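The values are calculated or read from the model by the stated rules, or taken from the named source; none is laboratory data. Since the model is a prediction, treat every value here as computed from it, not as a measurement. Heads up, the Cβs are rebuilt from the backbone with ideal geometry, glycines too, and the neighbour counts pull from every protein chain shown. Each accessible area value is taken on the protein alone, full model and side chains, heavy atoms only, with ligands, DNA and RNA left out. Shrake-Rupley method; radii C 1.70, N 1.55, O 1.52, S 1.80 Å.
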Amino acid sequence: MAPETHDGPNFCLAHLGETKDLRQYRFQHPALPVAAPGKVFLQELLGLTGMEISFGLMPPGRSMPFHHKHRNNEEVYLFLRGRGQFQIDGQVHDVREGTVIRVSPEGSRSWRNHSTEDLFYVCIQAKAGSIEGGTTTDGMGVPGPVIWPPQA
Ligand code: ZN
């Protein structure tokens, strides 16, 4: 199922639905025999040009069936709900709501949900070493007041 989207000259918005409903999305990875439920990528959906972002919902008892690494991209995993474990180069770390992990491109990684509740996370990929500024060095204020339409 394709999410509802709205776009304009300088934006693209998508309503992915509630996190529990992420199961409806399926991702067919060439290394997997069947499509993985609960994974949705945003690069194509939003027209991202500097990063890839995916939402992931891993049900209880599931794990990634392989390790992976990247050629150029570092990744940040933001764990937003649930509990599980993340393995990097053989080191295992517990993850839970509020855990964030950066993994270098060459880091061999995998994760699992060994709990009894869904594990919900967001993964952001960007080319390692590409950022040239951040919030205060890249952002610029726009003159004029902030005006909102009256609430309907
Ligand atoms: Zn990855």
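Table for the structure above
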{"item": "Residues (closer than 26 Å to Asp89 by Cα and hydrophobic (A, V, I, L, M, F, W, C)) located in the range 36-68", "result": "Ala36, Val40, Phe41, Met51, Ile53, Phe55, Leu57, Met58, Met64, Phe66"}
{"item": "Phe66 in contact with a Lys or Arg (Cβ under 7 Å, 6 or more places away or on another chain) and not in a helix (DSSP H, G or I)", "result": "no"}
{"item": "Selection count where residues are open to solvent by 50 Å² or more (accessible area, probe 1.4 Å) and more than 15 Å from the ligand (Cβ to nearest atom), scope the range 113-133", "result": "7"}
{"item": "Within the range 96-110, tally of residues that are hydrophobic (A, V, I, L, M, F, W, C) and touching a Leu at 6+ places or on another chain (Cβ under 8 Å)", "result": "1"}
{"item": "Residues of the range 79-97 satisfying the condition of being open to solvent by 60 Å² or more (accessible area, probe 1.4 Å) and free of Cβ contacts under 8 Å to residues at least 24 places away in the same chain", "result": "Asp89, Gln91, Val92, His93, Asp94, Arg96, Glu97"}
{"item": "Residues of the range 1-26 that turn out to be more than 17 Å from the chain's Cα centre (by Cα) and of a type in the set (D, E, K, R), as a count", "result": "2"}
